[in-house]
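Read through the structure below, which is laid out as structure tokens, and then see the notes.
The values are calculated or read from the model by the stated rules, or taken from the named source; none is laboratory data. Everything quoted here is computed from the prediction, not taken from an experiment. Glycine gets a Cβ as well: all are built from the backbone with ideal geometry, and neighbour counts include every protein chain shown.
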Amino acid sequence: MNKLDECRLIDLPPHHDVRGNLSVIEGGVHIPFDIARVYYLYDVPGGSARAGHGHIELQQLFVAMSGSFDVIVDDGVNRKRVHLNRSYYGLYVPGMMWREVENFSSGAVCVVMASTRYDPHDYFHDYSEFAAAAQQHRQRG
């Protein structure tokens with residue numbers, strides 16, 4: 001399995017009720033990490049992109065709480081685009097992965113659960129540096 005295959009959709013089963021639906025996300029149960037931080041993107045102008053960086057250790061789960069958007073994941077060699085438009089599944093993104101979020105629909109809300117608190121030392125802001133580090137990481141196995 002290549003690193004990009006670790007990025008996968010995770011079902012967040014809805015519990016249906018006449019009063020509305022409810023989905024639960026528990027760290028270490030529904031997703032493969034404990035949740036240390038939650039943040040959300042909203043009021044993103046059409047045509048804008050967010051993210052555009054990589055992480056060393058940080059794991060994330062992206063969920064479209066409203067509307068839709070695309071998450072592009074890149075392991076330094078391969079890229080894939082995942083369209084998110086339902087609140088009952090999320091995209092798991094492991095560490096050592098570049099990510100971009102774009103193609104926001106009007107009114108879209110993107111919620112992200114993260115495995116660590118914010119750490120500026122965990123970021124790659126330059127794709128070339130990320131790709132070189134990802135290659136070294138693959139070689140170490």
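In region 33-56, of all residues being in a loop (DSSP other than H, G, I, E, B) and touching a Phe, Trp or Tyr at 6+ places or on another chain (Cβ under 7 Å), the one that is nearest to R138 (Cα to Cα) corresponds to S48. Of the residues that make up region 14-21, is at least one modelled with pLDDT under 95, surrounded by 13 or more Cβ atoms within 10 Å (Cβ to Cβ), farther than 27 Å from G141 by Cα and of a type outside the set (F, W, Y)? Yes, the conditions are met somewhere in region 14-21. Of the residues screened, V93 is one that is within 17 Å of D122 (Cβ to Cβ) and either hydrophobic (A, V, I, L, M, F, W, C) or in contact (Cβ under 8 Å) with a residue 60 or more places away in the chain (or both).
For region 37-55, indicate whether the set of residues that are under 18 Å from K3 (Cα atoms), touching a Pro at 6+ places or on another chain (Cβ under 8 Å), surrounded by 17 or more Cβ atoms within 10 Å (Cβ to Cβ) and not basic (K, R) is non-empty. Looking for residues that are under 18 Å from K3 (Cα atoms), touching a Pro at 6+ places or on another chain (Cβ under 8 Å), surrounded by 17 or more Cβ atoms within 10 Å (Cβ to Cβ) and not basic (K, R), one finds none in region 37-55, hence no. Within region 22-32, being surrounded by 14 or more Cβ atoms within 10 Å (Cβ to Cβ) and without any contact (Cβ under 8 Å) to a residue 60 or more places away in the chain holds for one residue alone: H30. Of the residues making up region 2-13, those that are surrounded by 10 or more Cβ atoms within 10 Å (Cβ to Cβ) and either free of Cβ contacts under 8 Å to residues at least 60 places away in the same chain or touching an Asp or Glu at 6+ places or on another chain (Cβ under 8 Å) (or both) are K3, L4, D5.
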